[in-house]
Amino acid sequence: MREATRAAENTSIYERLTVSMGKLVTSHPGKIILTFLLVTALIIVPLKNLDTSTRMSDFSPESEFLDTDDTIREEFNTTRTILNILKAESGNVLDREGLLVLKGIENSIMSSEKLRPFLIDYDTAVLTIARPIEMMLLSQSNGTYGIADAPEPVLQMVIFQVLKDEKSSGLVSEGEGTEREYAVVLVYLNYNMLEPDDETVEIELLNVIDDSVPEGYSLTSFSAISHTMKEDTQESLRILLPIAAALVLLVLIVSLKRLIDVVIAVMGIISSIIISLGLFSLFDLRFSQMTFFAPILFMVLAIDYAIHIIRRYDENMEDGFNPSRSMHNAIRFMGISILLSALTTILAFASNGFSRIPAVSAFGIFLAIGIGVSFFVMIFFVPSLEREFHKEMSLKTPNPLL
């Protein structure tokens, strides 16, 4: 009696915890299965509202300056500035051709039926250096000519004068004389007309501008970069996710050998991913390009946990233990290793939550949540399914898949 008491006292807290988990699984497998199925089903509701929009600001540290800028736009200015940069391959965007291209971009945006409702009400909804140059030409010639038909010497003189103005010179890159390689295209949208994180207007704006840019010129835009990054990431995921899923399935088939075990492990993986994404949505974490690849990591860790538990369960069954005792032993001894592995991995990724870069912070927290969910699913849900399916079966002679 004393030896048993002393042995219990010497048992580590981790082993006592895994012993309790093993008893819970063997005593109430049906309740555990029902609980996880209900949670997986219910978490789909917030999952439908998951915001997958991304932006370049996700990769910039948050600061009081950015917060103040957002406040000014939301509370006072009611406008959102979309910055685009036009580059002339010739090296000079301020020649007649380049100025006409800028003017054409302005006209295309202002005349777009899809964009017009979202532009601010006054005339400067679109601004390029072509506007002050055209206005000065019209003023000096009493409306006789503009950019298209002004004499070259007059055009160059006006360009030179406009570049002397600090505000106007900020619309082109720095340089000497009247030659500049880059020009800015500023577009002011009505902030109150736009839904938060709604990218449809910005995408339409990109399409309108892109259609107005001829050969010899190229366009750069922060919204274009964000949109391209999102499209490339989604395309990569469409390729990588099926490959990862196929490899995971192959590993499960080779490792577990029985069809029922493979099905149970796959059910656990799917449950882990759904619950993790649902919690991501509930916690309102910031989505980014990196978030798309988190489910692949969940699959890798979940399959690792599942294989350890199921293989140890099979070994105990082969040693002659009944299903309840086999699962209890599997969780008791393998649970410690899985628990410590999960804790160290969770802490490692959760440390990224202290990053000042939103995308990195959210990604680290999301992975920590997903790994924690995978642990609970594979230590409770999957063993409970195994216990229920095999409680009346002897697994000493496994039935192969093939």
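The values are calculated or read from the model by the stated rules, or taken from the named source; none is laboratory data. Every value quoted in this text rests on a predicted model; they were computed, and no experiment measured them. Glycine gets a Cβ as well: all are built from the backbone with ideal geometry, and neighbour counts include every protein chain shown.
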* Starting from region 349-374, keep only residues that are farther than 14 Å from Pro295 by Cα, then list their pairs with residues that are among the charged types (D, E, K, R) and surrounded by 22 or more Cβ atoms within 10 Å (Cβ to Cβ) whose Cβ atoms are within a distance under 6 Å, requiring at least 6 positions of separation or different chains. => Pro358/Asp58; Ala359/Asp58
* Asked: Picking from Leu171, Leu99, which residue would you name as being within 24 Å of Ser218 (Cα to Cα) and in contact with a helix residue (DSSP H, G or I) (Cβ under 6 Å, 6 or more places away or on another chain)?
  -> Leu99
* Asked: Looking at region 337-359, is at least one residue surrounded by 24 or more Cβ atoms within 10 Å (Cβ to Cβ) and modelled with pLDDT under 90?
  -> no
* In this structure, is Glu106 of a type in the set (Asp, Glu) and under 23 Å from Leu206 (Cα atoms)? -> yes
* **Scope region 210-251; condition at pLDDT 85 or above and under 27 Å from Leu83 (Cα atoms); matching residues** => Asp211, Ser212, Val213, Pro214, Glu215, Gly216, Tyr217, Ser218
* Asked: Restricting attention to region 175-196, does a residue exist that is in a loop (DSSP other than H, G, I, E, B), under 21 Å from Leu119 (Cα atoms) and among the hydrophobic types (A, V, I, L, M, F, W, C)?
  -> yes
* **Some residue of region 304-312 being assigned by TED's automatic domain parsing to the domain that holds Ile379, surrounded by fewer than 18 Cβ atoms within 10 Å (Cβ to Cβ) and at positive phi** => no
* Asked: Does Ser90 satisfy the condition of being without any contact (Cβ under 8 Å) to a residue 24 or more places away in the chain and over 14 Å from Phe160 (Cα atoms)?
  -> no
* Out of Gly370, Gly353, Gly320, Gly335, report the one residue that is assigned to a loop (DSSP other than H, G, I, E, B) and either outside the structural domain of Ala294 (by TED's automatic domain parsing) or of a type outside the set (S, T, N, Q) (or both). => Gly320
* Condition met for Thr26 (at pLDDT below 85, in a helix (DSSP H, G or I) and out of contact with any His (no Cβ under 7 Å at 6 or more places or on another chain)) -> no
* For region 188-204, how many residues are out of contact with any strand residue (DSSP E or B) (no Cβ under 7 Å at 6 or more places or on another chain) and at pLDDT below 70? -> 5
* Structure fact -> Considering region 258-289, residues that are crowded, with 22+ Cβ neighbours inside 10 Å and of a type in the set (Phe, Trp, Tyr), and then whichever is modelled with the lowest pLDDT, we arrive at Phe287
* **Residues of region 92-144 that turn out to be surrounded by 13 or more Cβ atoms within 10 Å (Cβ to Cβ) and part of a loop (DSSP other than H, G, I, E, B), as a count** => 10
* State whether the residues of region 319-331 include one that is charged (D, E, K, R) and more than 20 Å from Leu247 (Cα to Cα). => yes
* Asked: Right, Ile147: of a type in the set (A, V, I, L, M), assigned to a loop (DSSP other than H, G, I, E, B) and over 38 Å from the mean Cα position of the chain (by Cα) or not?
  -> yes
* Asked: If you check Ala246, Ala330, which single one turns out to be among the aliphatic types (A, V, I, L, M), part of a helix (DSSP H, G or I) and either touching a His at 6+ places or on another chain (Cβ under 8 Å) or surrounded by 15 or more Cβ atoms within 10 Å (Cβ to Cβ) (or both)?
  -> Ala330
* To do: Check Glu9, Glu3, Glu62 and return the single one that is at pLDDT below 60, part of a loop (DSSP other than H, G, I, E, B) and loosely packed, with under 14 Cβ neighbours inside 10 Å.
  => Glu62
